[in-house]
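This report refers to the structure that appears directly beneath it.
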Amino acid sequence: MKKLLEYLEFAVVWCVAWCLGRLPRSVARGLGAGLGRLVYMAAGRLRRTGLRNIELAMPEMSAAERERTLKLVYRNLGWQLSEFCRMARYTPGNTSKWIRYEGLERFLEAEARGKGVLILTGHLGAWELSSFYHSLMGHPMGMVIRRLDNRVLDNYVNRIRCLHGNRVNHKDDFARGLLTAMRRGETVGILMDTNMTPPQGVFVDFFGKAACTGSGLARVALKTGAAVVPGFLLWEEAEGRYVLHFGEEIKPAVSGDAEADVLALTQRCTKVIEDWVRRYPGQWLWIHRRWKTRPDGTRDEGRV
C-alpha cells in the first residue's frame, strides 16, 4: 500500500510538472504565483508561523509590512515551483535574457586554487534553480540534501537536478562526502539556514536570537582549506530577472582552538546569510521554524 501511495503521489507531481513545463514561461509563473497565494490563504498555521518569525527577526516592520513580505515569500515559492517544472528544457541560450551572474570571478578564483569550494547558501531566492543554472553554464557541483520520504519522487527530482553534471550528497553521508569532494577540488553547495540540534549544530546569533546552526561547513573548511563563497540566486525586481550573486570569500581565522574556530566561522557564515535576508526579506523561507531548538530546551519562539 505504501508503494502504491508513493507512485500515486509521484503521478500527481509528474502531471503538474508536465503541464507547467509546456506552458509559456510567463503563464507558468503566473499560475505558480496564484498557487502560492492560495496556499498562503489556506495554510493558516504556516502563515502565522511566518508572520511571527518576521516579527521576531524584524520588529521594526509594521503588521502590514510583515503581511506583504510573507505574501512575496509565497509568490517566490510558486515561481520556484514553475521554474523547477521547466528546468529540463532550459539551455544557456533560452535562459540568457532572464538570468545573469554577478561576482562570478569570485567563484572562479576560489575554484582555481584547487582545494575545493563550499558554496554558502540558504532557502533564499530560487535555490533549486541556482545550482541547476550554475551546472548549465559549465560549473557542475555537489548539493547536500535530505532524501524525500517518497523515494520514487526523490529519484525524479534528483534526476532533474543532475541533468548537467550536478551531484547529490545526502545528509546521511555528509562529512565523508564533503571531505572527499574537497580533496578532489570539487564544489559543493550547503543550505546553512535550517534549524539543527546538537551535536550537529552549534548556537550562534541570527537576527539577534540564538539559532542552532549546522557546523559541518565550518569544520570541513577548517580541515581542508576549502574556500567558502556565498552564493544566492535572487529575483531582482528592477531588472525583471534572476541574478546569481557570488559574495566575497569568507576566510576563516585560525586561533589554535579548534572548537572556537568552528564557532567563529559558523557565526560569520550565519551573519552573511542574515545580511542577504535583510536585503531580500520577501525571498526567504520565513515559514521554517528556524529557532525551534532552544539553548535551554524551552519552547521555540517562532511557534504559534
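The values are calculated or read from the model by the stated rules, or taken from the named source; none is laboratory data. Computed from a prediction, not measured in an experiment: that's the story for all the values here. Cβ: placed from backbone, ideal geometry, glycine included. Neighbour counts: every protein chain shown. Heavy atoms of the whole protein, side chains included, go into the accessibility calculation; ligands, DNA and RNA do not. Shrake-Rupley method; radii C 1.70, N 1.55, O 1.52, S 1.80 Å.
What do you get for Rg/Rh of the chain when both radii come from the Cα atoms and Rh is the Kirkwood radius?
0.95
Among GLU65, GLU9, what's the order by accessible area (1.4 angstrom probe), most exposed first?
Correct descending sequence by accessible area is GLU9, GLU65.
Per DSSP helix of 4 or more residues, -39500 (n - 2.57); summed, then divided by the residues of the chain. What does that give at 222 nm, rounded to the nearest 500?
-16000 deg cm²/dmol
Where only protein heavy atoms count, and the probe is 1.4 Å, what is the accessible area per residue for the chain in Å²?
Value returned for the chain: 47 Å² of accessible area per residue.
Please report the antiparallel percentage of DSSP beta bridges with both residues in the chain, rounded to the nearest 5.
40 percent
In terms of modelled amide H atoms, which long-range or inter-chain residues lie less than 5 Å from the amide H of GLU236?
HN-HN under 5 Å from GLU236: ARG241, TYR242, VAL243.
What helices does the chain have that are whole DSSP H segments, at least 24 Å long along their own axis by Cα, and with mean Kyte-Doolittle hydropathy of -0.5 or more?
2-21, 25-42, 258-279
In angstroms, what radius of gyration and Dmax does the stretch 216-256 have, counting Cα atoms only?
14.7, 47
I need the per residue convex hull volume for the stretch 156-200, using only the alpha carbons, in cubic angstrom as a whole number.
103 Å³
What spacing in nm lies between the two simple spin-label points modelled at ARG113 and HIS170, each 7 Å away from Cα in the Cβ direction?
Using points 7 Å along Cα→Cβ, the separation is 3.2 nm.
Carbon-plus-sulfur fraction of the accessible area of the chain, 1.4 Å probe, in percent?
Answer for the chain is 57 percent, counting heavy atoms of protein chains only.
Name the residue from VAL73, HIS134, VAL152 whose Cα lies farthest towards the positive end of the charge dipole of the chain, charges +1 on Cβ of Lys and Arg and -1 on Cβ of Asp and Glu.
Result: VAL152, furthest along the dipole toward the positive end.
Report the accessible area of ARG167, computed with a 1.4 Å probe over the heavy atoms of all protein chains in place, in Å² rounded to the nearest 10.
The value for ARG167 is about 70 Å².
Compute the distance from the alpha-carbon center of the stretch 27-92 to that of the stretch 164-186, in whole Å.
What the calculation gives is 30 Å, centre to centre.
When the chain is fully extended, how far beyond the present Cα-Cα distance does TYR101 get from LEU148, taking 0.36 nm per residue of separation?
13.9 nm
Please compute the modelled spin-label separation between ARG294 and ALA64, points set 7 Å along Cα→Cβ, answer in nm with one decimal.
Taking the simple label geometry, ALA64 and ARG294 are separated by 3.4 nm.
Sequence-distant or interchain residues sharing an amide H contact under 5 Å with ARG167, placed H: which?
Sorted by chain and number, the residues that satisfy this are MET141, GLY142, MET143.
Counting only pairs 8 or more residues apart or on different chains, how many lysine pairs in the chain have their Cα atoms under 19 Å apart?
Here the count comes out as 8.
Can you tell me the length gained on complete extension of the stretch GLU259 to ASN155, counting 0.36 nm per residue apart and subtracting the Cα distance?
Fully extending the segment from GLU259 to ASN155 adds 33.8 nm.
Extending each Cα 7 Å along its Cβ direction at VAL12 and ASN94, get the distance between those two points in nm, one decimal.
Each label point lies 7 Å from its Cα, and together they span 2.8 nm.
Relative to the present Cα-Cα distance, how much length would full extension add between ALA238 and LEU38 at 0.36 nm per residue of separation?
In short, 69.4 nm is gained.
Quick one: how many Å² of HIS164 are accessible to a 1.4 Å probe, rounded to 10?
HIS164 has an accessible surface of roughly 70 Å² with all protein chains in place.
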